[in-house]
Amino acid sequence: MINFEKFTLDNGLRVIFHKDSNTPIAAVNILYNVGSKDEDPNKTGFAHLFEHLMFGGSVNIPKFDKALQEAGGSNNAFTNNDYTNYYNTLPKENIETAFWLESDRMLRLAFTKKSLEVQRKVVVEEFKQNYLNQPYGDFWLLMRPLAYKLHPYRWATIGKDVSHIENASMQDVKDFFYKHYAPNNAVLTVAGDFELSYIKELTEKWFSNIETRNIPEKLIEKEPEQKEQRILEVERNVPIDSYYKTYHMCERSHNDFYATDLLSDILSNGDSSRLYQSLVKNKMIFSTIDAYITGNIDNGLFVFTGKLNNGENYEKVEKELESEIEKIISEKVNNKELQKVKNKIESKFIFGETDVLNKAMGLSYYELLGNASMINNEIEKYNKVTAEEIQNTARKLFRKENSNIIYYKSIN
């Protein structure tokens, strides 16, 4: 159980405080409700660009990292399709440094030409290195527009095309900042050995003077139900053939989410999982195979990825994978197998609760989903899933017309 207190400033900033007396380290996490799904289709990659720009200097602080490091702290950030998260850890006696830094860059970035050019080059190089020049790196650049036709999940967080960042103007950057980076579009979570009154005092001091901003309503098109299987064949200069298959799944808030997550673990979580035992160890069709879910807030994807053993053809691969899928549709999983994956998830949650930063990030995320208190109900929701629900979810999910396949062929 993670206990916490919540309050909201007049400017709309939601604040969560978790008292943790077991560590001298404090965590300050700020989540902005903006991800790649909030971008203009003709100007993608901006949420990720901002993950970098936010470290490039704010109105009163030219070097974010320097001040935090001098206070004995560290920081980082990540962006996904749904939100952007910035986090700091530092000795609890220096926590005010994190408030000062985060409030200043929420107030206004420096918006210098130098910062934009530096971070633009970093992001463009990341795009080329990780997505264009990395073996199999363009998989999501191919799969997303194959699986999604309307929803903005159809482009990756890095962006749809590198030219969008290459051509980003200073006005584009300023517009994106003031549309999305605001107290009324953020969740601030603090975890550490403090009293609530002190956290309220710091929050009022550093954040209350930041104005509420006009955040545009999220008008995101819902992806229509897929009616037929989609297949893409590509050839690349990669070591071995690969196989990718996705199925559309429910949104994060749907009751089926927990059964879907457990289903992915039954199929592929460790060497004792079904796909590893059957298709890697026994039949040796794949050298590696994984099944996982994207876990998006809106309707996500259930993903299969595998590297083929030399000489295997795609027709056989498809047939063998379908055989494993059919088994889980036609036969209920036994209680022992289901309990094993539940135990793994429970262990992950419990171990996560020992880390002050994990707790701060988790509370922010569940507040974005609807209410931070949801973090304390997750284990119970997983444990309530029955074998019948696993089977029913598999039946709804694994339909041919709901699938997308990429045959990723080596030209070597």
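Where a number appears in this text, it was derived from the coordinates with a stated rule and is not lab data. Here the structure is a predicted model, which is why all the values come from computation and not from measurement. Virtual Cβ from ideal backbone geometry, glycine too; neighbours counted across all protein chains shown.
What the table shows:
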| item | result |
| --- | --- |
| 25 Å Cα-Cα reach of Lys359 towards lysines, excluding residues that sit fewer than 8 places from it in its own chain | Lys6, Lys19, Lys92, Lys200, Lys205, Lys340, Lys342, Lys344, Lys348, Lys381, Lys384 |
| Approximate spin-label separation Leu369-Glu388, in nm, with each point projected 7 Å along Cα-to-Cβ | 2.5 nm |
| Relative contact order computed over region 152-217 (Cα-Cα under 8 Å; 6+ residues apart), in percent | 46 percent |
| Per residue convex hull volume, Cα atoms of region 230-410, in Å³ | 133 Å³ |
| CD proxy at 222 nm, helix term only [per DSSP H run n ≥ 4: -39500 (n - 2.57); per residue of the chain; nearest 500] | -11500 deg cm²/dmol |
| Local net charge near Leu196, Cβ-Cβ under 14 Å (Lys/Arg +1, Asp/Glu -1) | -3 |
| Lys128 versus Glu217: modelled label distance in nm, points set 7 Å from Cα along the beta carbon direction | 4.3 nm |
| Estimated FRET transfer efficiency (Glu204, Glu225; beta-carbon r; R0 45 Å; 0.05) | 0.40 |
| Whole-Å distance, taken between Cα centres, linking region 197-244 and region 1-67 | 15 Å |
| Region 261-314, relative contact order in percent, only Cα pairs under 8 angstrom and at least six apart counted | 29 percent |
| Alpha carbon centroid spacing (whole Å) that separates region 283-355 from region 113-168 | 27 Å |
| Gln171 paired with Glu315, simple spin-label distance in nm, labels 7 Å along Cα-to-beta-carbon | 5.8 nm |
| Contour excess over end-to-end distance, with Cα ends at Lys19 and Leu146 and 0.36 nm allotted per residue | 41.2 nm |
| Charge dipole (debye, nearest 20) of region 77-163; +1 at Cβ of Lys and Arg, -1 at Cβ of Asp and Glu | 380 debye |
| Of Phe78, Asn392, His18, farthest towards positive along the dipole that unit charges on Lys, Arg, Asp, Glu beta carbons give the chain | Asn392 |
| Dipole magnitude of the chain, debye to nearest 20 (Cβ charges: Lys/Arg +1, Asp/Glu -1, about Cα centre) | 500 debye |
| Average silhouette area of the chain, convex hull of alpha-carbon atoms, in square nanometres | 20.5 nm² |
| Reach of Lys114 by Cα under 19 Å, taken over lysines that are not fewer than 8 positions away in the same chain | Lys63, Lys66, Lys174 |
| Low-density loop positions, trypsin sites (Lys or Arg not before Pro), region 115-187 - DSSP coil, at most 13 other Cβ in 10 Å | Lys149 |
